[in-house]
Amino acid sequence: MTMIELGHEEMLARRRLRRIRVLDALGESVSAEEEVVQRDVLLPAVMSLVDRGEVSADELAAEAVDAAVSVALATVDERPTDRLTSLLVAAEVLASDEQFSRLRQLAPRFGTLREDLSLQRPLISLALAALQQHLLGRGRQARTMLTRALGLDGRDPRPIARRSLETLVDLHVVASLRDWLVGGDTAGLGEARANALRAGNGTALEVASFAYAYASAVEAASLAGHLEASGAWPATEEATTYIERRGMPTLLAPQAMAIAEGVLDPGSAVVAMPTSSGKTFLAELKIVATLMREVSARAIYLAPYRLLSRQVEADLRDGLRYAGFSVRDMGSVFDISIGDEALAEGLPDVAIMTPERLDALTRLALTERRGASQARDFLDSVRLVVFDEVHLISRAGRGPRLELFLTRWKRRFPDVPVLALSGVVEGIDRLGEWLDCAAITGGRRPTGTIELLWRTDGSLVQRFDGTRARISTLPRSDRAINDAAELVLKLRDELAPVLVLETTRPNAVSIARRIVELSPRATARWREALSEEDRARLERAAQEAAVTFGSSHDLAELLRQGVAYHHAGVPGSLLRRIEDLASRRLLRAVCATTTVAEGAHLPFRVVIIPHLNFQGGTGRLERSLYLNVLGRAGQGRLVRDGGRRR
């Protein structure tokens, strides 16, 4: 693990920069001068990592990654080229560690500097625009942009206002970047870097250095390369075509680690990695590898919650279509039957269901009832079972039932491999022993989290590096519901939607109502900022709620105000509508029960837990649930710029 040498002052600077981001998120005034001072204290330590040049994937210590992010997100009022230096130094450190999710978080900063430099350094601005697109996963757009600008598509190239040594060096950087985007050649970027160094062009040198580090990281994290090296990936034309069309050129470091440790090998495996580390995509790869080994083979994906089922169905359907495999959600209820619709459509290659639904189908297969023959044929064709959120086995209530089901399944189908996925590492080794397979653990969460404790005396405390530091005071009332609603309304609009987690349906509904009651002016301002199309989307959702529950039901009006509640008492079609609105960031807040915490992939940047009185054996918030709750904030593929406003 590569450490960063942080002295006492640097550690304080990290903490103070985090404090500034929190205060700005709460709409409180912050000192721009202080942010510059703290950034400048931390910058030399981050630059020292670039000078070392010895960092490899996922090897940076956590404080080094956090320091780089803090420097990059600092909002300072200085020349664009100076701001670019800080951004690119930090980004180069993150690229060397293959921190792709955090780099994606910085993409808006590349866009801002692109605009600021468009007149002063138009070619550098063009390079930043292409890099921004690639960081956001839009490689094709980046290639097209540079190809057109250089006149390599048959059109006239973009005119250059003045020709000078500086301009020619900048042009060399752009051309080399385009060569890498088109053909994967990183050598040209190295030459552009050396050329910029000889010419004394510091800005071009910084851009070329980051581009070279980033391109090298992309090459090292290549999905195709890791699959080939694993020895478990089918060497078929269909498998190659799937990789090419899938559009996932790079792996996160935890995914690469899991593949290297044999997650794709035939047989069972337990994978425990931090939330947002890409476990669902690992499951997709395992499904493809398994089903391509045997014609007519099928897989089952067990998702314990309906929200998770819906999201997994969408994700797998989007990815597995490139492999020619069908995906369908087969339900959640304990119904010992296969409906007429399922029989008519035919059974899918990948069936998504809850463990209870699979338990019911295994019982049906033991009978002579209608559909029993199809159930037997289906189960006999299964060659892989993926069990998501498997750590729920350790929970009180539903946990023992899940353990009994998995025991029955193992006895009935001992030769069918199980891929167990968990965002919680504790106890995974014992589960691996029980399933007679290796437990693959490790990696870090691809995005960072700031944890705050709002005490009953009003003090706002930041948990940081094992310590706690007070950063502000916000008055509290004697009702947690009111406090949660007030806190939602203090957060700046850019952080929407906010997730508020409650233990009961009535409490979730009460907080949603309270948010709307307290914010008539904020609601009007928020609606005015929406496009006509977005207001129409909200209205369609409100009308569906009115049809479902009655015209006088409050959910319809809440949706019009940009607030929703989400729990099992809301019909599935309406929940999907709410989830779609949240994914489009058209809601200010979603007040939900804790099932949303178990694997929801929605763009929440702030999660509020109003109190710690949770149902269960202890009556307190269990650690495994808390870790999953933390995982709802800043999903790796959904994060945006986490800095403060300019």
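Remarks
- Sorted peptide list for 23-31, 298-306, criterion being average Cβ within 10 angstrom, highest first: 298-306, 23-31
- Modelled this way, with points 7 Å down the Cα-to-C-beta line, the labels at Leu136 and Val547 are 3.4 nm from one another.
- The stretch 81-168, accessible area per residue, ligands and nucleic acids excluded (1.4 Å, Å²): 45 Å²
- Packing-based ranking of 539-545, 105-111 yields 105-111, 539-545, ordered from highest to lowest mean Cβ neighbour count within 10 Å.
- In degrees, nearest ten, helix 306-320 long axis to first principal axis of the chain (Cα): 60 degrees
- Protein accessible area in the chain, 1.4 Å probe - carbon and sulfur %: 48 percent
- Computed from Cα atoms, the angle from the helix 520-529 axis to the main principal axis of the chain rounds to 70 degrees.
- Accessible area expressed per residue, the stretch 396-474, with surrounding protein chains retained (probe 1.4 Å, Å²): 53 Å²
- Inter-probe distance in nm under a simple model that places probes 7 Å from Cα toward Cβ, at Asp77 and Glu532: 3.9 nm
- Distance from the C-alpha centroid of the stretch 192-263 to that of the stretch 528-559: 44 Å, rounded to the whole angstrom.
- Length-normalised contact order of the chain in % [C-alpha pairs under 8 Å, at least 6 apart]: 13 percent
- Approximating the spin labels as points 7 Å out from Cα along Cα→Cβ, the Ser477-to-Glu219 distance works out to 6.0 nm.
- Note on Leu165 and Asp554: the extension gain reaches 133.4 nm, defined as 0.36 nm multiplied by sequence separation minus the Cα-Cα distance.
- Amide H contacts of Val606 (H built 1.01 Å from N, under 5 Å, at least 5 apart or other chain): Leu499
- Looking at the chain, the DSSP beta bridges with both ends there are about 25 percent antiparallel.
- As a size descriptor, the averaged projected area of the C-alpha convex hull of the chain was calculated at 30.9 nm².
- Axis angle, to the nearest 10 degrees, between helix 572-583 and the longest C-alpha principal axis of the chain: 10 degrees.
- Among the GluC sites (Glu not before Pro) found in the stretch 69-160, those both in a DSSP coil and sparsely packed, with 11 or fewer other Cβ atoms within 10 Å of their Cβ, are Glu78.
- Kirkwood hydrodynamic radius (C-alpha pairs) into Stokes-Einstein, the stretch 498-577, 20 °C and 1.002 mPa s, D in µm²/s: 163 µm²/s
- Lysines with Cα under 25 Å of Lys410, excluding same-chain neighbours fewer than 8 positions away: Lys279, Lys286
- Full extension of the chain segment joining Leu197 with Met47 gains 52.3 nm, where the gain is 0.36 nm per residue of separation less the Cα-Cα distance.
The values are calculated or read from the model by the stated rules, or taken from the named source; none is laboratory data. Since the model is a prediction, treat every value here as computed from it, not as a measurement. As a convention, Cβ positions derive from the backbone with ideal geometry for all residues, glycine included, and neighbour counts pool all protein chains shown. For accessibility, only protein heavy atoms count, side chains too; no ligands or nucleic acids. Shrake-Rupley method; radii C 1.70, N 1.55, O 1.52, S 1.80 Å.
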